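Colleague: The following block contains the structure, expressed as structure tokens.
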Amino acid sequence: MPVLDQQKALEFYTQKLGFSVKQDEPVGEHRWLTVVAEQNAATVELLLEPMAFEPARVYQQALFDVGIPITMFASDDLAAEVALLRERGVEFKGEIMEMPNVKLIHFEDTCGNILALAEQIDTGNS
């Protein structure tokens, strides 16, 4: 996950989203900094990578400028997750959008990225 400020990203992903630090090791002037989702610690690990590479900065900014999430997280209960994250101070971009098979909402991570939360809608066709 490209981030503009590793410390600010660490605070957002742990304090607001509830991730836990898995690795935090110095690497030159930056850190090898990863976080895991507590409920999926064995399978989901995000590297909070500093934006030291110009093409990566351009890519991140281009996605942000057009409103495209850099990644999406799944939720079994989107409304409850949004309420919890709002209580923690996460600011969402609009309200929950409902499409034929999914509900989703976008938010910023305060470090240059737009993220999305999504809940699959059971249509009874499976």
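Colleague: In whole Hz, with x marking every Gly and Pro, tabulate ³J(HN,Hα) for the stretch 12-17 from phi via Karplus 6.51 cos²θ - 1.76 cosθ + 1.60, θ = phi - 60°.
Modeller: 5, 5, 8, 6, 8, 8
Colleague: Magnitude of the Cβ-charge dipole of the chain, K/R +1 and D/E -1, about the Cα centre, nearest 20 debye?
Modeller: It comes to approximately 120 debye.
Colleague: Here's a follow-up. Could you sort the peptides 1-12, 66-77 by per-residue average Cβ neighbour count (10 Å cutoff), highest mean leading?
Modeller: Put in order of decreasing packing, that is 1-12, 66-77.
Colleague: Amide H of residue 32 versus every other amide H placed in the peptide plane: which residues, excluding those fewer than 5 positions away on the same chain, fall under 5 Å?
Modeller: 25, 27
Colleague: Residue by residue through the stretch 63-73, what is 3J(HN,Hα) from phi via Karplus (6.51 cos²θ - 1.76 cosθ + 1.60, θ = phi - 60°)? Round to whole Hz and write x for glycine and proline.
Modeller: 4, 4, 4, 9, x, 9, x, 6, 7, 9, 10
Colleague: Can you list the HN-Hα couplings for the stretch 47-54, worked out from phi with the Karplus curve (6.51, -1.76, 1.60; θ = phi - 60°), rounded to whole Hz and with x for Gly and Pro?
Modeller: Once θ is set to phi - 60°, the couplings for the stretch 47-54 become 8, 8, 9, x, 8, 8, 10, 3 Hz.
Colleague: Right, here's the next one. Could you work out Rg/(2.2 N^0.38 Å) for the chain, with Rg from alpha carbons only?
Modeller: Cα Rg divided by the expected 2.2 N^0.38 Å: 1.11.
Colleague: Another question about this same structure. Give me, ordered by chain and number, the residues 5 or more places off residue 73 or on other chains with an amide H under 5 Å from its own placed amide H.
Modeller: For residue 73, the qualifying residues are 116, 117, 118.
Values in this text are rule-based calculations from the coordinates and carry no lab data. Computed from a predicted structure; not experimentally measured. Quick reminder, even Gly has a Cβ in these numbers, built from the backbone with ideal geometry, and neighbours come from all protein chains shown.
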